[in-house]
Amino acid sequence: MSGPRPVRAPRGTELSARGWQQEAALRMLQNNLDPEVAEHPDQLVVYGGTGKAARDWRSFDAMVRTLTTLKQDETMLVQSGKPVGVMQTHEWAPRVLIANSNLVGDWANWEEFRRLEALGLTMYGQMTAGSWIYIGTQGILQGTYETFAAVAAKRFGGTLAGTITLTAGLGGMGGAQPLAVTMNDGVALCIDCDPRAIERRIEHRYLDVRADSLQHALRLAVEARDQRKPLSIGLLGNAAELLPRMLAEGAPIDIVTDQTSAHDPLAYLPIGVDFDDMAAYAAEKPADFTQRARESMAQHVEAMVGFMDAGAEVFDYGNSIRGEAQLAGYQRAFAFPGFVPAYIRPLFAEGKGPFRWAALSGDARDIAATDKAILDLFPKNASLARWIKMAGERVHFQGLPARICWLGYGERDKAGERFNDMVADGTLRAPLAIGRDHLDCGSVASPYRETEAMKDGSDAIADWPLLNAMVNVASGASWVSLHHGGGVGMGRSLHAGQVTVADGTPPAGEKIRRVLTNDPGMGVIRHVDAGYERAEEVAAERGVRIPMREG
Ligand code: NAD
């Protein structure tokens with residue numbers, strides 16, 4: 001019987017599989033379950049609640065076995081984490097095709113999913129868990145950095161220097177906020193009710209200091225702001241109590257957001273409840289707790305709206321706090337926007353998104369060499385250069401060394417081709433797996449997040465991720481995935497992913513050029529179709545063909 005055991009991807013140039021395309025899938029599957037990478041590797045859970053890399057250990061073993069023997073003209077089919085077939089295809093076809101967590105519309109809810117999961121028939125693949133391209137917290141840090149860079153570009157002349165950002169939640173993902181703000185040269189004041197969350201972020205060097213009181217925190221923040229010095233400050237307390245107080249006292253805040261775990265009311269501390277009593281109270285009286293948490297969120301959001309009315313830049317960071325506050329009866333909950341329509345959509349319109357790659361050699365020097373290549377290829381992109389330099393200095397690798405950076409249409413293919421040349425000429429010690437998050441410009445339909453408030457109202461149109469997956473298959477990606485429910489849960493999203501391997505061969509170079517052009521190209525055409533002018537400009541400037549604009 002197969003069961004839990006520590007998993008780690010092999011390093012170096014010795015192949016266990018019959019070629020690098022298969023070897024890459026094998027190593028990335030194993031890497032997702034590396035204890036350095038996965039949250040609960042013994043349960044095959046990689047991240048994002050219950051996002052898994054394989055349905056069960058037998059399926060994991062069968063996938064490893066199959067990938068090891070898979071030929072250059074064969075394709076393994078994976079149905080929600082279980083390998084269900086091997087088909088003869090051809091050398092340009094993906095070596096793996098993956099469909100995770102998909103359910104027919106009327107059945108697409110958590111209750112039905114859990115029933116099927118209990119029967120062993122499906123698995124929650126999240127976004128990059130079940131598609132084998134998760135690279136640890138670096139992915140969250142870069143997205144958060146990019147969001148704050150967009151805030152800086154929109155309102156503060158391209159830098160957060162001289163500004164104070166107020167936020168709450170220093171958990172697994174929210175903990176990236178202080179470092180993302182200081183990387184943009186700003187001051188971050190971050191509230192959390194759990195002292196351990198604050199300590200952990202200081203230990204991992206994501207947070208600089210802890211303040212003793214609200215007054216102390218504000219004094220430190222104002223001093224740093226006046227000297228235009230980056231600083232992040234942790235403050236212990238309940239955001240629902242502190243934000244209204246700070247608003248009433250006229251605290252000089254420029255930007256407000258939130259990453260408490262508001263999407264789950266049982267994980268949000270209500271006003272008047274001690275943090276130490278929170279878990280027992282939530283377990284014993286969930287309905288009562290939910291009601292109080294929602295009422296507190298209404299006060300929290302009302303203060304955020306107050307800061308907005310006072311002139312601050314305010315946005316929801318994808319945790320559903322607006323929806324929960326509205327459920328508690330607060331009418332203006334949606335007065336401020338979500339982060340995608342506010343800052344990320346203009347990037348999506350250019351085909352930009354979270355491009356990433358992993359060094360199959362396991363050697364950090366390969367990532368250092370690719371960092372240099374990126375700086376060399378895009379010398380005029382100051383924000384990208386700042387990220388690459390800081391990531392090189394401050395990001396601790398988890399599992400196989402990897403890098404993420406946002407590149408757009410006309411950029412990703414250049415980077416990919418350069419990487420393939422670097423494998424070919426021996427600059428890199430082994431091939432690279434080049435992929436991206438499913439949270440990308442043209443690969444997701446998710447009306448509460450990535451496609452919230454589309455210009456033409458097409459938020460829930462899910463043809464785009466399907467076309468995206470098909471075009472990547474047709475273009476020569478090494479593996480392609482099509483998932484449901486990632487990020488925001490069952491019934492709320494459909495999304496696709498691709499990974500393409502740079503093994504240094506000429507066919508790999510050809511595939512990379514096509515995939516890394518067409519994949520971000522989907523973002524451009526999706527946004528042209530929805531009526532975004534920037535996407536139209538990009539299409540015209542960079543030669544993306546739009547049939548309805550021709551003839
Ligand atoms: P987490 O559970 O690890 O951390 C949440 C933190 O909030 C905890 O440290 C908790 O102590 C704190 N908290 C709870 N109630 C509080 C209160 N009243 N006052 C102050 N602190 C309080 O969660 P996480 O992984 O960090 O994610 C946080 C939220 O952000 C989730 O809802 C997640 O879905 C969302 N999120 C969205 C995106 C996105 O859309 N891009 C990215 C990351 C996270």
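The values are calculated or read from the model by the stated rules, or taken from the named source; none is laboratory data. All figures in this text were calculated on a predicted structure; none of them were measured in a lab. Using ideal geometry, Cβ is built from the backbone for each residue, glycine included, and neighbour counts are taken over all protein chains shown.
Of all residues in the stretch 130-144, which are assigned to a loop (DSSP other than H, G, I, E, B) and β-branched (Val, Ile, Thr)?
Ile133, Ile135, Thr137
Considering only the stretch 482-527, state which residues are small (Gly, Ala, Ser) and part of a helix (DSSP H, G or I).
Ala508, Gly509, Gly521, Gly523
Please tell me if Asp61 is among the charged types (D, E, K, R), over 22 Å from Ser481 (Cα atoms) and surrounded by fewer than 22 Cβ atoms within 10 Å (Cβ to Cβ).
Here the answer is no, as Asp61 does not meet what is asked.
Tell me the residue from Gln299, Gln326 that is within 13 Å of the ligand (Cβ to nearest atom), over 16 Å from the mean Cα position of the chain (by Cα) and surrounded by fewer than 21 Cβ atoms within 10 Å (Cβ to Cβ), please.
Gln299
Please work out if Ser131 is surrounded by 23 or more Cβ atoms within 10 Å (Cβ to Cβ), among the polar types (S, T, N, Q) and more than 29 Å from Ala391 (Cα to Cα).
no
Please go through (1) assigned to a helix (DSSP H, G or I); (2) under 28 Å from the mean Cα position of the chain (by Cα); (3) farther than 30 Å from Arg436 by Cβ for Phe289 and return the number of the only condition it doesn't satisfy.
Failing condition for Phe289: (2).
Identify all residues within the stretch 528-551 that are outside any helix (DSSP H, G or I) and of a type in the set (Val, Ile, Thr); write none if there are none.
Passing the criteria: Val544, Ile546.
Considering the stretch 247-275 alone, what residues qualify as being in a helix (DSSP H, G or I) and within 12 Å of the ligand (Cβ to nearest atom)?
Pro265, Leu266, Ala267, Phe275
Can you find, within the stretch 26-83, the residue that is nearest to the chain's Cα centre (by Cα) among those that are assigned to a helix (DSSP H, G or I) and farther than 19 Å from Asn100 by Cα?
Per the stated criteria, the residue is Arg27.
Filter the stretch 442-468 down to the residues that are among the charged types (D, E, K, R) and under 20 Å from the mean Cα position of the chain (by Cα) and list them by number.
Those that are among the charged types (D, E, K, R) and under 20 Å from the mean Cα position of the chain (by Cα): Arg449, Glu450, Glu452, Asp459.
Only one of (1) away from the ligand (no atom under 16 Å from the Cβ); (2) over 22 Å from Pro252 (Cβ atoms) is not met by Gly171, so which one is it?
That leaves (1) as the condition not met.
In the stretch 274-291, is there at least one residue being surrounded by 20 or more Cβ atoms within 10 Å (Cβ to Cβ) and either basic (Lys, Arg) or closer than 21 Å to Phe336 by Cα (or both)?
Checked the stretch 274-291: no residue is surrounded by 20 or more Cβ atoms within 10 Å (Cβ to Cβ) and either basic (Lys, Arg) or closer than 21 Å to Phe336 by Cα (or both).
Would you pick out the residues in the stretch 450-481 that are outside any helix (DSSP H, G or I), surrounded by 21 or more Cβ atoms within 10 Å (Cβ to Cβ) and away from the ligand (no atom under 16 Å from the Cβ)?
Passing the criteria: Met454, Gly476, Ala477, Ser478, Trp479, Val480, Ser481.
I need the full set of residues from the stretch 187-216 which are closer than 18 Å to Leu269 by Cβ and within 12 Å of the ligand (Cβ to nearest atom), in order please.
Within the stretch 187-216, Cys190, Ile191, Asp192, Cys193, Asp194, Pro195, Arg196, Ala197, Ile198, Glu199, Arg200, Arg201 qualify.
Identify all residues within the stretch 305-322 that are within 16 Å of the ligand (Cβ to nearest atom) and free of Cβ contacts under 8 Å to residues at least 40 places away in the same chain; write none if there are none.
Once the filter is applied, which keeps residues that are within 16 Å of the ligand (Cβ to nearest atom) and free of Cβ contacts under 8 Å to residues at least 40 places away in the same chain, the stretch 305-322 yields only Arg322.
Give the residue, chosen from Gly435, Gly426, Gly442, that is farther than 25 Å from Asp366 by Cα and either more than 16 Å from the ligand (Cβ to nearest atom) or modelled with pLDDT of 95 or more (or both).
Just a single option satisfies the conditions, and that option is Gly442.
For residues that are under 28 Å from Arg114 (Cβ atoms), surrounded by fewer than 17 Cβ atoms within 10 Å (Cβ to Cβ) and not charged (D, E, K, R), tally how many sit in the stretch 1-55.
Number of matching residues: 8.
Results for (1) touching a Lys or Arg at 6+ places or on another chain (Cβ under 7 Å); (2) in contact (Cβ under 8 Å) with a residue 60 or more places away in the chain; (3) not aromatic (Phe, Trp, Tyr), shown as yes or no for each residue.
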position	(1), (2), (3)
Arg58	no, no, yes
Thr66	no, no, yes
Asp73	no, no, yes
Ala99	no, yes, yes
Asn102	no, yes, yes
Trp107	no, no, no
Ala129	yes, yes, yes
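Which condition from (1) without any contact (Cβ under 8 Å) to a residue 24 or more places away in the chain; (2) more than 18 Å from Met246 (Cα to Cα) is the one that Leu207 breaks?
Status for Leu207: all satisfied but (1).
List the residue pairs whose Cβ atoms are under 7 Å apart, where the first residue sits in the stretch 536-549 and is at positive phi and outside the structural domain of Val524 (by TED's automatic domain parsing), the second is at pLDDT 95 or above and surrounded by 14 or more Cβ atoms within 10 Å (Cβ to Cβ), and the two are 6 or more positions apart or on different chains.
Final answer for the pair search is none.
Do any residues in the stretch 220-233 that are of a type in the set (D, E, K, R) have Cβ atoms under 7 Å from those of residues that are buried (at least 23 other Cβ atoms within 10 Å of the Cβ) and assigned to a strand (DSSP E or B), where the two are at least six apart or on different chains, and which pairs are they?
Short answer, once both residue conditions are applied: Arg225/Ile164; Arg225/Val187.
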